[in-house]
Amino acid sequence: MKPTQETRVIEARFVAGAVDAASLPAPTLAEVAFAGRSNVGKSSLLNAMMQRHALARTSGTPGCTRQLNVFEVRCSDGLALRLVDLPGYGWAKRSKAERDQWQGMVEGYLRTRVSLRAVVVLVDVRRGPEDQERQLVDFLGQSRSVSPVHVILAATKLDKVGAAGRKPALAAVKKAVHGPVVGFSAVTGEGREELWGGIREAVL
Ligand code: GTP
Ligand code: MG
């Protein structure tokens, strides 16, 4: 179904840059986390969702986001939730110690966070899901020690595929995973309402 009204974000603010579970805010509000390899466009997608230009920091250099950055958002229809920008995985320049620390922190969060309702897994529409994304989706399905989470795939950078190539590129991503896939572009805003629709379903 095509959503007709734009989701207006009337308030968006950064609440925490957490490096461990202790520095996360108390789990008092529903959360949606955004995961994917470095440079796939997580922070850009978050800015587009929040209608803010640079609240989440973006960069052409992979490895920009190194903490769990928590944002609190309120929409014009009263919907209030937290959006969590996760550090990207697969950043080769990081040391093994740093990668291990990332893994422990992010996995712990994804496994045990009671307020987590959905995880949006981002894949570049031109690459589709690879081993790491499949592992992440499996992990989310199997490892939660608390209530299960919705998993939504977002195929990003749709604007980089020519008009004729979009349908087949999205179809290929859909074929490779179970569950919903949303084509998204942070440049054109395409897919924003569809993704908000999926998030609403998970949170309400
Ligand atoms: P890390 O924080 O390093 O994990 O990266 P990230 O996943 O947060 O990616 P980020 O949003 O910083 O974007 C990485 C690069 O891709 C930037 O140069 C963005 O401008 C670009 N980018 C992100 N989304 C899109 C998109 O939808 N279309 C296009 N054309 N470029 C995008
Ligand atoms: Mg980022």
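Would you call LYS174 more than 25 Å from LEU81 (Cβ to Cβ), in contact with a strand residue (DSSP E or B) (Cβ under 8 Å, 6 or more places away or on another chain) and open to solvent by 80 Å² or more (accessible area, probe 1.4 Å)?
Details: more than 25 Å from LEU81 (Cβ to Cβ): yes; in contact with a strand residue (DSSP E or B) (Cβ under 8 Å, 6 or more places away or on another chain): yes; open to solvent by 80 Å² or more (accessible area, probe 1.4 Å): yes.
Yes; evaluated as a whole, the condition is true for this residue.
Across the stretch 36-70, what is the total count of residues that are more than 11 Å from ligand 2 (Cβ to nearest atom), closer than 18 Å to GLY198 by Cβ and buried (at least 21 other Cβ atoms within 10 Å of the Cβ)?
Total meeting the criteria: 2.
Taking the options VAL149, VAL106, VAL137, name whichever one is touching a helix residue (DSSP H, G or I) at 6+ places or on another chain (Cβ under 8 Å), surrounded by 15 or more Cβ atoms within 10 Å (Cβ to Cβ) and not hydroxyl-bearing (Ser, Thr, Tyr). Working first, answer last.
On the way: VAL106 fails: touching a helix residue (DSSP H, G or I) at 6+ places or on another chain (Cβ under 8 Å); VAL137 fails: touching a helix residue (DSSP H, G or I) at 6+ places or on another chain (Cβ under 8 Å).
Exactly one of VAL149, VAL106, VAL137 is touching a helix residue (DSSP H, G or I) at 6+ places or on another chain (Cβ under 8 Å), surrounded by 15 or more Cβ atoms within 10 Å (Cβ to Cβ) and not hydroxyl-bearing (Ser, Thr, Tyr), namely VAL149.
Condition check: outside any helix (DSSP H, G or I), surrounded by fewer than 18 Cβ atoms within 10 Å (Cβ to Cβ) and more than 11 Å from ligand 2 (Cβ to nearest atom). Does ASP100 satisfy that? Walk me through it before giving the result.
Details: outside any helix (DSSP H, G or I): no; surrounded by fewer than 18 Cβ atoms within 10 Å (Cβ to Cβ): yes; more than 11 Å from ligand 2 (Cβ to nearest atom): yes.
So ASP100 does not fit the description; no.
Being under 17 Å from the mean Cα position of the chain (by Cα) and open to solvent by 10 Å² or more (accessible area, probe 1.4 Å) is the filter here, so list the residues in the stretch 16-28 that pass it.
We begin by selecting, within the stretch 16-28, every residue under 17 Å from the mean Cα position of the chain (by Cα); these are 16-18.
Those that are under 17 Å from the mean Cα position of the chain (by Cα) and open to solvent by 10 Å² or more (accessible area, probe 1.4 Å): ALA16, GLY17.
The values are calculated or read from the model by the stated rules, or taken from the named source; none is laboratory data. Since this is a predicted model, take the numbers as computed values, not measurements. For neighbour counting, all protein chains shown are included, and Cβ atoms are generated from backbone atoms with ideal geometry for every residue, glycine included. In case anyone asks, the SASA skips ligands and DNA or RNA and just uses the protein heavy atoms, side chains included. Shrake-Rupley method; radii C 1.70, N 1.55, O 1.52, S 1.80 Å.
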